[in-house]
Structure formats: structure tokens, C-alpha cells
Amino acid sequence: MQDLHTLYEKVQNGTRLTPEDALTLGTQGDFLTLAALADERSKALNGTRVSFLIDRNINYTNICNVICRFCAFYRPKGHKQAWELTYEQIDQKIKETLELHGTQILMQGGIHPDYKIDYYEQLVAHIKANHKIDLHAFSPPEIHYFAKHSGLSNVEALTRLKAAGLDSIPGGGAEILVDEVRERIAIGKCNSQEWLDVMEAAHSIGLRTTATMMFGHAETWAHRIEHMRKLRDLQDRTHGFISFIPWTFQPDNTALNPKLKKNTDVHIASSHEYLRVLATARLFLDNFQHIQVSALTQGLKIAQTGLRFGADDMGSVMLEENVVSSAGCDGAAKLEDDLMIKAILESGHTPFQRNTLYGEVNAERTRELLASLGTQSRFAAA
């Protein structure tokens with residue numbers, strides 16, 4: 001095993017960590033030392049300000065031709081519980097989001113077997129023609145499928161969506177970017193390289209994206225580090241990732257639930273392990289400016305703690321969320337902007353509402369909320 005004190009010094013000196021370094025730190029590093037190192041790195045990059053977002057996750061359909069064993073949301077075409085939203089339903093959801101001071105729509109759906117590029121192009125154009133809101137939409141598995149289904153390259157499909165008004169792309173569908181894991185938990189989904197190829201194509205035409213990692217299922221620590229290595233390598237080439245968002249698998253109502261006898265190898269990550277992953281990500285992903293905690297899967301208190309383990313973003317006050325909640329997680333229903341602001345303040349940071357690209361928005365409203373919470377003037381004026 002590598003000497004931990006040597007690795008700690010390597011971090012403090014700003015020397016880039018190898019995957020082997022990250023694996024040792026993540027699995028063997030002292031918990032509080034990891035926190036301190038990650039917190040120091042986060043403050044060097046972003047100061048003591050912590051952001052939050054107000055958005056809505058609109059799922060345009062739950063029809064999907066991919067079988068993900070970790071998903072409780074999807075339904076095959078023709079299923080009695082399958083649905084597709086109309087433009088009128090989508091418009092109403094966006095209107096409500098804007099009324100509640102939201103600035104972004106996160107739009108994803110199942111991989112619908114019938115939808116081609118025209119559907120997505122028209123949907124984007126309709127939204128941008130009728131609503132002033134950032135459209136952060138369509139994960140790499142969706143894009144990979146409908147581009148191929150339409151006889152287009154990734155660049156061709158994304159160029160058309162960008163021209164229609166698409167602003168950025170979420171990092172969904174990454175799970176673990178190691179194919180031996182992907183083959184274990186999903187059938188019919190794009191492989192690791194295909195996910196990365198979509199992201200590289202997006203970056204090549206100026207579309208920024210986020211990156212995610214869903215962990216705490218059939219993967220090992222080595223798989224997690226390999227996932228992060230692939231993201232770091234791509235970021236070195238393109239600098240197109242906005243942030244990294246690790247979150248934990250939610251097992252209820254899924255075929256990958258460890259309570260089922262066939263899933264004895266599934267390991268659900270504890271909050272302690274989540275914080276280790278968060279800190280390790282902050283130290284290893286040295287070319288990512290922002291690391292986001294997952295209040296949705298961890299709850300507000302652990303998310304608050306995560307701000308001392310390398311994160312600088314509390315994520316979203318999500319006005320609607322259907323995918324993770326289908327797996328028994330109700331964290332989104334408990335998040336409101338005043339609670340988010342209070343949690344950030346209690347952690348010793350200054351809150352601000354951001355947009356997709358981390359620009360500050362609705363500063364006056366944040367000051368009003370700070371005042372209503374009875375906070376000191378130094379916070380309200382920040």
C-alpha cells in the first residue's frame with residue numbers, strides 16, 4: 001500500500017493524483033483528513049460561496065426500450081402504465097417552474113423506440129419559442145439512440161438540436177463507465193465509450209454538459225476510480241464538463257434490490273461511503289471546477305456535511321422528480337429554497353442561486369430569504 005502521508009503531501013502540493021493514488025485515498029485515507037483536504041481544494045477553487053439551483057425535471061415519456069435493473073421508472077411501449085406528455089402538459093409544467101423562480105428545465109425520458117431526431121428538434125424549438133428558460137436536456141443514451149435511429153452522427157444530431165435551442169446536456173445514463181458493470185445492470189443501453197463519444201461530440205460544438213456517477217450497486221471502488229479517470233481524461237481534451245454529480249443507487253422497487261436473493265453481490269453505499277466518494281472526487285477531478293452534492297438521495301443533512309467534503313454546490317430545489325422517487329426516494333419533496341439556504345448558511349458558507357452555467361441569478365430574492373431567516377447582515381449583503 002502507498003504511504004498515506006506521502007499522498008496527503010502530494011495533494012497539498014497540488015500534484016496530480018494517479019488513479020492508484022485516488023484508489024488508496026478513497027479506500028484507506030483517514031476520513032477527516034480526506035474531508036480537510038477536499039474542503040481546502042474546494043475553497044481554493046470556489047471560495048466560501050455555495051450555489052443552489054431551482055429547476056424541474058420534466059420526463060416527456062416513461063416509455064423505454066432499455067432494461068435497466070436499477071430503474072423503477074421505465075415502462076415498455078404498450079404497457080398500461082406507459083405515458084407520453086403533450087406539449088400542453090409540458091408548457092404548464094414550465095409555466096409553474098418560472099412562477100416559482102426556476103431558471104432551468106432538466107428534461108429526460110425513456111429511450112422511446114419510435115422517436116427520431118424530428119421529435120426532439122420540434123420539442124426543443126417549441127419550448128424555446130414559448131418560454132424563457134434554460135433547457136438542459138437529453139442524456140447521452142437518449143442522444144446515442146435517436147441519432148443512430150435517425151441515420152445521423154452524434155455531431156449532426158446535436159448540431160440540429162443546438163440550432164433549435166438546446167442549451168446544455170445532462171450527464172444522465174453514465175451509471176458506472178465500465179462495461180463489465182454496465183452489462184450487469186442494464187440491457188440495451190449505450191456502452192461506456194458511446195456515452196463518452198456523445199459528450200465529446202457535444203463539447204466539440206460548444207454544448208456544455210454535466211457528468212454523473214451512480215454508485216452503490218454492483219461496482220467496486222476500482223470501478224469508481226476508472227469512471228472518474230475517463231471523465232478526467234475527456235475533460236483534459238475538451239474542458240466541456242460543467243460539474244460532477246455523484247449519487248447513490250436507490251434500490252426500492254427495482255430489479256437490482258439487494259433484498260432479492262439474486263442480488264447478493266449488490267452493495268448499497270452508506271452515507272459515510274458517499275462522503276468518501278465525494279472527497280475523493282474533489283481531489284482526483286482536478287480539472288472540474290464544481291462538485292455537486294446529492295440532497296435528493298442523501299437528504300439535506302448529509303448534503304450539508306458534503307459541503308465540508310469538497311462540494312461547492314447543493315444541487316437543485318427540484319420542483320418535480322419522477323425517476324429516483326419511483327425507487328422509493330422522496331428527498332425532492334422536502335427541498336425548498338429557504339431550507340436550502342439555511343443549510344448552506346449553517347455549514348459556514350454563503351448561498352447564491354445559480355443558473356446552469358453557475359452564473360448568479362435572483363440575487364434580490366435570495367437576500368429577501370436570508371432576511372426572513374433572520375441571518376446576519378454580512379450574509380444578506382454577500
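The values are calculated or read from the model by the stated rules, or taken from the named source; none is laboratory data. Here the structure is a predicted model, which is why all the values come from computation and not from measurement. As a convention, Cβ positions derive from the backbone with ideal geometry for all residues, glycine included, and neighbour counts pool all protein chains shown.
Just a few scattered comments:
- Within the stretch 160-180, if we keep just the residues that are part of a loop (DSSP other than H, G, I, E, B) and touching a residue at least 60 places away in the same chain (Cβ under 8 Å), the residue that is farthest from Phe138 (Cα to Cα) turns out to be Glu175.
- Taking first residues from the stretch 366-377 that are basic (Lys, Arg) and surrounded by 12 or more Cβ atoms within 10 Å (Cβ to Cβ) and partners that are in a loop (DSSP other than H, G, I, E, B) and at pLDDT below 85, the Cβ contacts under 8 Å between residues at least 6 apart in sequence or on separate chains come to Arg367/Ala381.
- Screening Gln108 with (1) under 19 Å from Leu53 (Cα atoms); (2) out of contact with any Gly (no Cβ under 6 Å at 6 or more places or on another chain) gives one miss only, at (2).
- Subset of the stretch 55-107 that is surrounded by fewer than 17 Cβ atoms within 10 Å (Cβ to Cβ) and aromatic (Phe, Trp, Tyr) - its residue that is modelled with the lowest pLDDT: Trp83
- The residue of the stretch 155-199 that is nearest to Phe241 (Cα to Cα), among those that are among the acidic types (Asp, Glu) and either out of contact with any Leu (no Cβ under 6 Å at 6 or more places or on another chain) or modelled with pLDDT under 95 (or both), is Asp197.
- Residue pairs whose Cβ atoms lie under 6 Å apart, sitting 6 or more positions apart in sequence or on different chains, and linking a residue in the stretch 9-30 that is touching a residue at least 12 places away in the same chain (Cβ under 8 Å) to a partner that is of a type in the set (Val, Ile, Thr) and outside any loop (DSSP other than H, G, I, E, B), are Pro19/Ile225; Ala22/Ile225; Ala22/Thr280; Leu23/Ile225; Leu25/Thr280; Gly26/Thr280.
- Residues being surrounded by fewer than 17 Cβ atoms within 10 Å (Cβ to Cβ) and farther than 23 Å from Arg237 by Cα - total across the stretch 205-220: 1
- Residue list for the stretch 205-224, restricted to those being part of a loop (DSSP other than H, G, I, E, B) and in contact (Cβ under 8 Å) with a residue 24 or more places away in the chain: Ile205, Gly206, Leu207, Gly216, His217, Ala218, Glu219
- The residue of the stretch 181-204 that is surrounded by the most Cβ atoms within 10 Å (Cβ to Cβ), among those that are touching a residue at least 60 places away in the same chain (Cβ under 8 Å) and among the β-branched types (Val, Ile, Thr), is Ile185.
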